[in-house]
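**Student:** Quick one: the structure is below, and I'll ask about it shortly.
The values are calculated or read from the model by the stated rules, or taken from the named source; none is laboratory data. Just so it is clear, the structure is predicted and the values come from calculations on it, not from any experiment. Neighbour counts are summed over all protein chains in view; Cβ atoms, including those assigned to glycine, are modelled from backbone coordinates with ideal geometry.
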């Protein structure tokens, strides 16, 4: 029996411009200090730089995010006084969250350019399967592959 009440998952509504739930996640993750309008401007500007046609732009955005989403990650598991990095499959919701976080972190790490431009560049790199966010995903895959021997410790 859990020690605390299980919180209900809030429904995430699609954003008004692109009708995409993933774009809403991106906007919410980019947002700082509750300034959603600023965050929407940044994300919409970045997606707009990918392609002028909104339908095509959101397709490119979804494809770029799919290129970053991991399917496996490693989690620490303590067994008999030793910590093992155990590879576990990633649920779709967590996969989206990690991809959004990695893309935003990579865009923020690009110094000297406005956020709209760096976010757009990172998404374009993700579309081409290059860039820091994709590199991060590949690093996670390599960790999982290296620790495949401990997969029997999965809980």
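**Student:** What number goes with the only condition from (1) in a helix (DSSP H, G or I); (2) out of contact with any strand residue (DSSP E or B) (no Cβ under 9 Å at 6 or more places or on another chain); (3) more than 22 Å from residue 14 (Cα to Cα); (4) touching a residue at least 60 places away in the same chain (Cβ under 8 Å) that residue 70 does not pass?
**Tutor:** (1) is the only condition that residue 70 fails.
**Student:** How many of the residues in the range 12-36 are over 20 Å from residue 99 (Cβ atoms) and not in a loop (DSSP other than H, G, I, E, B)?
**Tutor:** Summing the residues that are over 20 Å from residue 99 (Cβ atoms) and not in a loop (DSSP other than H, G, I, E, B) in the range 12-36 gives 1.
**Student:** A further question on this structure: Mind checking which residues of the range 115-144 are loosely packed, with under 12 Cβ neighbours inside 10 Å and either more than 14 Å from residue 73 (Cα to Cα) or in contact (Cβ under 8 Å) with a residue 40 or more places away in the chain (or both)?
**Tutor:** The answer is 128, and nothing else.
**Student:** State which residue is nearest to the chain's Cα centre (by Cα) when the search covers only the range 76-96 and only residues that are surrounded by 15 or more Cβ atoms within 10 Å (Cβ to Cβ) and not in a loop (DSSP other than H, G, I, E, B).
**Tutor:** Among them, the one singled out is 96.
**Student:** Right, another one. Can you spot a residue in the range 23-33 that is modelled with pLDDT of 95 or more and loosely packed, with under 14 Cβ neighbours inside 10 Å?
**Tutor:** Yes: the range 23-33 contains one or more residues that are modelled with pLDDT of 95 or more and loosely packed, with under 14 Cβ neighbours inside 10 Å.
**Student:** Does the range 23-61 hold any residues that are over 17 Å from residue 116 (Cα atoms) and within 17 Å of the chain's Cα centre (by Cα), and which are they?
**Tutor:** Filtering the range 23-61 for residues over 17 Å from residue 116 (Cα atoms) gives 33-34, 53, 55-56, 59.
Passing the criteria: only 59.
**Student:** Could you figure out which of (1) part of a helix (DSSP H, G or I); (2) closer than 30 Å to residue 47 by Cα isn't true of residue 143?
**Tutor:** (2)
**Student:** Additional query: Would a scan of the range 37-45 turn up a residue that is outside any helix (DSSP H, G or I), free of Cβ contacts under 8 Å to residues at least 24 places away in the same chain and under 15 Å from residue 18 (Cβ atoms)?
**Tutor:** No, the range 37-45 contains no residue that is outside any helix (DSSP H, G or I), free of Cβ contacts under 8 Å to residues at least 24 places away in the same chain and under 15 Å from residue 18 (Cβ atoms).
**Student:** Quick test of your reading of the structure: residue 50 fulfils all but one of (1) without any contact (Cβ under 8 Å) to a residue 40 or more places away in the chain; (2) in contact with a helix residue (DSSP H, G or I) (Cβ under 8 Å, 6 or more places away or on another chain); (3) surrounded by 13 or more Cβ atoms within 10 Å (Cβ to Cβ). Name the failing condition by number.
**Tutor:** (1)
**Student:** Give the residue, chosen from 149, 99, that is out of contact with any helix residue (DSSP H, G or I) (no Cβ under 8 Å at 6 or more places or on another chain), free of Cβ contacts under 8 Å to residues at least 60 places away in the same chain and either in a helix (DSSP H, G or I) or buried (at least 19 other Cβ atoms within 10 Å of the Cβ) (or both).
**Tutor:** The conditions single out 149.
**Student:** Every residue in the range 112-140 that is outside any helix (DSSP H, G or I) and over 15 Å from residue 43 (Cβ atoms), please.
**Tutor:** 112, 113, 128, 129, 130, 131
**Student:** Can I ask one more? How many residues, within the range 6-22, are exposed (fewer than 12 other Cβ atoms within 10 Å of the Cβ) and farther than 20 Å from residue 93 by Cβ?
**Tutor:** Residues flagged as exposed (fewer than 12 other Cβ atoms within 10 Å of the Cβ) and farther than 20 Å from residue 93 by Cβ within the range 6-22 amount to 1.
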